[in-house]
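Read through the structure below, which is laid out as structure tokens, and then see the notes.
The values are calculated or read from the model by the stated rules, or taken from the named source; none is laboratory data. No experiment lies behind these values; they were computed from the predicted model shown. Please note: Cβ atoms are built from the backbone with ideal geometry, for glycine as well, and neighbour counts cover all protein chains shown.
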Amino acid sequence: MKTSGVLKQTVTTVELVDVEKRYGKSVMALRGVSAVVRSGVATGIVGESGSGKSTLGRMIVGLSTPTSGSVLVDGNDLGELLSWRTRRAEYLRTVQLVAQDTTNTFDPRHKVRDSIRRPAQILRGLDRPAADAEVEEITAELGIDPELVDRYPGQLSGGQRQRLSIARALIVKPKLLVCDEAVSALDISAQAVVLNLLKRYVTVHSLGMVFISHGLPATAFITEELLVMKSGRLVDAGRTAEVLRHPQHPYTQQLVDSYRRIDSLAG
Ligand SMILES: Nc1ncnc2c1ncn2[C@@H]1O[C@H](COP(=O)(O)OP(=O)(O)OP(=O)(O)O)[C@@H](O)[C@H]1O
Ligand SMILES: [Mg+2]
């Protein structure tokens, strides 16, 4: 197994403590959210549109700061950690976000291959041949047509860009990965390839993963823990199987029922 270029910082837990996020005067995107995500565990976040899922995901990777409450990384305040330049750089390279909107993920002036290779060179210190080899490896694992990496981002479909964004995040070998609707534009068979690979990273490489999705079946397949959001609040949380079997909140109940109905129609 290769050990070169593996990031040194560990992220064993990220804990949100009574977090609130306000945008302007009127929007409360998060209200009193407390939750923990752990390495080696996939945690799902589901909830209706506008319930605060992306805000929560961005907060975990340090791209959004709480208006009140705190985010603790292995017990250390993330706000404080980000105020130290070197630690900020280290944290931001240890965690990766596959953004919901991948339009700006790749620099339009460069071929996608360059944009995937560079983080491996810069953040893990790999030389170019080694980084190129890893680009081949990770794109093959994700079932990406090799020809696509030689295109410019503007020449890709949303689903192609999504899969390439996952490749770009995984090549960094992050300790924590937040996938925000990262498979939503993929067909079922492409989803299966990506989900199985992500699952492998969680179990084999102890990756901590936050999987944000509208799709309950994909989330149920890939996660062990589940957070259910509604109007900025966390309304249900626990082991995924348990939350789905015994939903506590009426919204979760409704969510589970609607998927059961779709399931029975499909079946
Ligand atoms: N930069 C911003 N400025 C102002 N309001 C924002 C901003 N980003 C998000 N919001 C608001 O915060 C709330 C939560 O948004 P968020 O994007 O976290 O929801 P979401 O659950 O990810 O929704 P979706 O499922 O549609 O992606 C929404 O009311 C949204 O309009
Ligand atoms: Mg979102």
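Suppose we filter THR139, THR94 for residues that are closer than 20 Å to THR10 by Cα and under 20 Å from the mean Cα position of the chain (by Cα); which single one remains?
Among THR139, THR94, only THR94 is closer than 20 Å to THR10 by Cα and under 20 Å from the mean Cα position of the chain (by Cα).
Count, please, the residues in segment 64-121 that happen to be among the acidic types (Asp, Glu), within 16 Å of ligand 1 (Cβ to nearest atom) and more than 30 Å from ILE144 (Cα to Cα).
0
Mind listing whichever residues of segment 145-187 are among the acidic types (Asp, Glu), farther than 30 Å from ASP74 by Cβ and assigned to a loop (DSSP other than H, G, I, E, B)?
Result: ASP145, ASP187.
For SER184, only one of the following conditions fails: (1) within 13 Å of ligand 1 (Cβ to nearest atom); (2) within 21 Å of LEU30 (Cβ to Cβ). What is its number?
(2)
Which numbered condition trips up GLY208, out of (1) of a type in the set (Gly, Ala, Ser); (2) within 16 Å of ligand 1 (Cβ to nearest atom); (3) under 12 Å from the mean Cα position of the chain (by Cα)?
Failed condition: (2).
Can you find even one residue in segment 136-153 that is more than 13 Å from THR43 (Cα to Cα) and within 16 Å of ligand 1 (Cβ to nearest atom)?
Looking through segment 136-153, none of the residues is more than 13 Å from THR43 (Cα to Cα) and within 16 Å of ligand 1 (Cβ to nearest atom).
Pairs needed: first member in segment 158-185, polar (S, T, N, Q); second member anywhere, in a helix (DSSP H, G or I); C-beta distance under 6 Å; at least 6 residues apart or different chains.
GLN160/LEU148; GLN162/THR102; SER165/THR102
Taking the conditions exactly as written (of a type in the set (A, V, I, L, M), in a loop (DSSP other than H, G, I, E, B) and over 20 Å from the mean Cα position of the chain (by Cα)), does LEU126 satisfy them or not?
Judged against the criteria, LEU126 is a match.
Can you tell me which condition GLY158 does not meet? The list is (1) under 13 Å from the mean Cα position of the chain (by Cα); (2) within 16 Å of ligand 2 (Cβ to nearest atom), and all the others hold.
Unmet for GLY158, out of (1) under 13 Å from the mean Cα position of the chain (by Cα); (2) within 16 Å of ligand 2 (Cβ to nearest atom): (1).
Among the residues of segment 98-118, which ones are free of Cβ contacts under 8 Å to residues at least 60 places away in the same chain, crowded, with 20+ Cβ neighbours inside 10 Å and not charged (D, E, K, R)?
Passing the criteria: VAL112, SER115, ILE116.
If only one of LEU255, LEU244, LEU227 is assigned to a strand (DSSP E or B) and either surrounded by 14 or more Cβ atoms within 10 Å (Cβ to Cβ) or in contact with a His (Cβ under 8 Å, 6 or more places away or on another chain) (or both), which one is it?
None of the others qualify; the one that does is LEU227.
Looking at (1) part of a strand (DSSP E or B); (2) within 16 Å of ligand 2 (Cβ to nearest atom); (3) surrounded by fewer than 18 Cβ atoms within 10 Å (Cβ to Cβ); (4) of a type in the set (A, V, I, L, M, F, W, C), which is the one condition that is false for LEU72?
(2) is the only condition that LEU72 fails.
In segment 204-224, how many are within 18 Å of SER54 (Cβ to Cβ), part of a loop (DSSP other than H, G, I, E, B) and in contact with a helix residue (DSSP H, G or I) (Cβ under 8 Å, 6 or more places away or on another chain)?
Within segment 204-224, residues that are within 18 Å of SER54 (Cβ to Cβ), part of a loop (DSSP other than H, G, I, E, B) and in contact with a helix residue (DSSP H, G or I) (Cβ under 8 Å, 6 or more places away or on another chain) number 2.
Could you list, in sequence order, all residues of segment 155-167 that are more than 26 Å from TYR91 (Cα to Cα) and either of a type in the set (S, T, N, Q) or modelled with pLDDT of 95 or more (or both)?
Selection gives GLN155, LEU156, SER157, GLN160.
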